[in-house]
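Peer 1: Structure provided below as structure tokens; questions to follow.
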Amino acid sequence: MDAPDRDSPGPSGRPGRWVLFAGVYAVYFAFGVVALSIPPLVGEVRADLGLSRAGMGLALGAWQLVYLGSAPPAGRLVDRLGVRRAMVIGALVVIASGLLRAAAGNLLALWAAIALFGVGGPLISAGAPRAVALWFDDRRERRVAVGVYSTAPALGGMVTLVLSNSVLMPLTGSWRWTVVIETGSMALALVAWLVVTGRIRAPMSSSEADEAGAAGAWRVLVRDPRIRLVLALGLGVFFVTHGLGGWMPALLRTHSGFSSMAAANWVAVGSGVGVVVSLWLPGKADGRRLPFILSGVLLFVSVALLVVLVAPTVFDPLPVAAAGVRAVLVPLVLVALMESKAVGPHNMGIAYGLWFAVAELGGVSGPLAMGWVADTDLGFGGALVLMSVACVFVAIVATRLRGAGGPEVGSVSSAADVPAEERP
């Protein structure tokens, strides 16, 4: 994949973009595998380490907590190093996180191992949208690409949910070796990424993304009303998706009486629903439709959670699967960010780093809040009500996108804007 001689893409877009996109997808898929390596094994981990539900919730939210501080500098690092190097570093740190999880002997060690994921993860989560923004020039194709790559962590998590209790635990007899095997997926993805991007020249130099420029970009972003609204939506969406993602298998075991394998499999079915919707819906979410689509999905998830609470247990798999549409919430909000006037090639990494930092406030508080409520007399029923109400509140906020400035793909790049070494 040599860089083309011409400075601007042809009518069909940048050559080789889908091949390079495949490398992004592989790394983001493994990101999801490692991120969800613990939730399907919560029962085994708690029993082995002697953890309460609140303690387990604290550990599950550790990497989201670290994201709060690491995402902004990670975004700047992506702008300075380029996508290739940033994602290599991120993948290596994620591998270290997975191996240290498997070696943890107490709550502190488990928390630290999971927290390390929050150091490497932002380089991947900020690098993926930057890659899409740089390599995909057509607006509709770009929205489709956002939806497609957003399915990668969901599919990775689905594979983890299905294999952890049904294959890997019976095979190894150990939650620790199960986590080690799952961490191996990131090592394979890293090799694939290095092969796919091997003929791209060295990443852009730090002189092209200096600290003064970064400070100016911060000020422009936080002053923009649409950006502030998108940041608030990110916080709310992560509160819901991370809270449910971390606790749904345990909820089905405790609230609905499912076995570990059945709970994980039904949550995986929900992840599959989310993947299908994420492949289709973002391409339909132009500026006029986006607020209504986002609000509609949130209200649908809210209703599905209440059905889990009130319906007979035998019917719980249906609303659990339906609630899997929540997976499309993140790509929809990322489309809103990507198509904001204030976001351009000069500040993409910073914008995504800022968004993930704010969003992870919800990523931290979601699992912690669910664990805390579940430990009270309200149990997981109260936790479901909490998440249902949160969905309604975020849906109301999403309707304000209509009045926060017209969408415009600010990240459409010209040849002068895009570093030559990041052109496929």
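Peer 1: What number of residues in region 252-267 are at negative phi and surrounded by fewer than 24 Cβ atoms within 10 Å (Cβ to Cβ)?
Peer 2: Within region 252-267, residues that are at negative phi and surrounded by fewer than 24 Cβ atoms within 10 Å (Cβ to Cβ) number 11.
Peer 1: Further, regarding this structure: Does A47 count as surrounded by fewer than 24 Cβ atoms within 10 Å (Cβ to Cβ) and more than 17 Å from the chain's Cα centre (by Cα)?
Peer 2: So A47 fits the description; yes.
Residues are listed down the side, and each one gets a yes or a no for (1) crowded, with 24+ Cβ neighbours inside 10 Å; (2) farther than 19 Å from D286 by Cα:
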| position | (1), (2) |
| --- | --- |
| I95 | no, yes |
| A112 | no, yes |
| P122 | yes, yes |
| S125 | yes, yes |
| D137 | no, no |
| R143 | yes, no |
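Peer 1: Restricting attention to region 318-332, does a residue exist that is within 23 Å of H242 (Cα to Cα) and either charged (D, E, K, R) or in a loop (DSSP other than H, G, I, E, B) (or both)?
Peer 2: yes
Peer 1: Considering only residues that are under 20 Å from the mean Cα position of the chain (by Cα) and small (G, A, S), look in region 303-324 and name the one that is nearest to W266 (Cα to Cα). First the steps, then the outcome.
Peer 2: Here is the first cut: in region 303-324, the ones under 20 Å from the mean Cα position of the chain (by Cα) are 320-324.
With the extra rule that they be small (G, A, S), the set shrinks to 321-324.
Numbers: A321: 7, A322: 10, A323: 11, G324: 10 Å.
Of everything passing the filter in region 303-324, A321 is nearest to W266 (Cα to Cα).
Peer 1: Looking at (1) crowded, with 19+ Cβ neighbours inside 10 Å; (2) modelled with pLDDT under 90; (3) in a helix (DSSP H, G or I), which is the one condition that is false for L116?
Peer 2: For L116, the failing item is (2).
Peer 1: Now for a different question. Run down G366, G349 and say which single residue is out of contact with any Cys (no Cβ under 8 Å at 6 or more places or on another chain), within 28 Å of L123 (Cα to Cα) and at pLDDT below 85. Step through it out loud before you land on a result.
Peer 2: Details: G366 fails: at pLDDT below 85.
Just one listed residue meets the conditions, G349.
Peer 1: Quick one: count up the residues across region 84-111 that are of a type in the set (A, V, I, L, M, F, W, C) and within 20 Å of the chain's Cα centre (by Cα). Let's see the steps before the verdict.
Peer 2: Our first condition is that a residue be of a type in the set (A, V, I, L, M, F, W, C); within region 84-111, this holds for 86-89, 91-96, 99-100, 102-104, 107-111.
Subset that is within 20 Å of the chain's Cα centre (by Cα): 86-89, 91-96, 111.
The number of residues fulfilling the criteria is 11.
Peer 1: Taking region 40-57, which residues are touching a residue at least 60 places away in the same chain (Cβ under 8 Å) and either in a helix (DSSP H, G or I) or among the β-branched types (V, I, T) (or both)? So that I can check it myself, show each step before the final result.
Peer 2: Of the residues in region 40-57, the ones touching a residue at least 60 places away in the same chain (Cβ under 8 Å) are 40-45, 48-49, 52-54, 56-57.
Passing the criteria: P40, L41, V42, G43, E44, V45, D48, L49, R53, A54, M56, G57.
Peer 1: Mind listing whichever residues of region 282-318 are out of contact with any Pro (no Cβ under 8 Å at 6 or more places or on another chain), at pLDDT below 90 and either small (G, A, S) or crowded, with 21+ Cβ neighbours inside 10 Å (or both)?
Peer 2: G283, A285, D316
Peer 1: Please verify whether region 17-30 includes one or more residues that are surrounded by fewer than 21 Cβ atoms within 10 Å (Cβ to Cβ), over 28 Å from F239 (Cα atoms) and at pLDDT below 80.
Peer 2: Checked against the condition, which is being surrounded by fewer than 21 Cβ atoms within 10 Å (Cβ to Cβ), over 28 Å from F239 (Cα atoms) and at pLDDT below 80, region 17-30 yields no hits at all.
The values are calculated or read from the model by the stated rules, or taken from the named source; none is laboratory data. As the structure is a computational prediction, the values presented were derived from the model and not from experiment. Cβ atoms come from the backbone with ideal geometry, glycine included; neighbour counts cover every protein chain shown.
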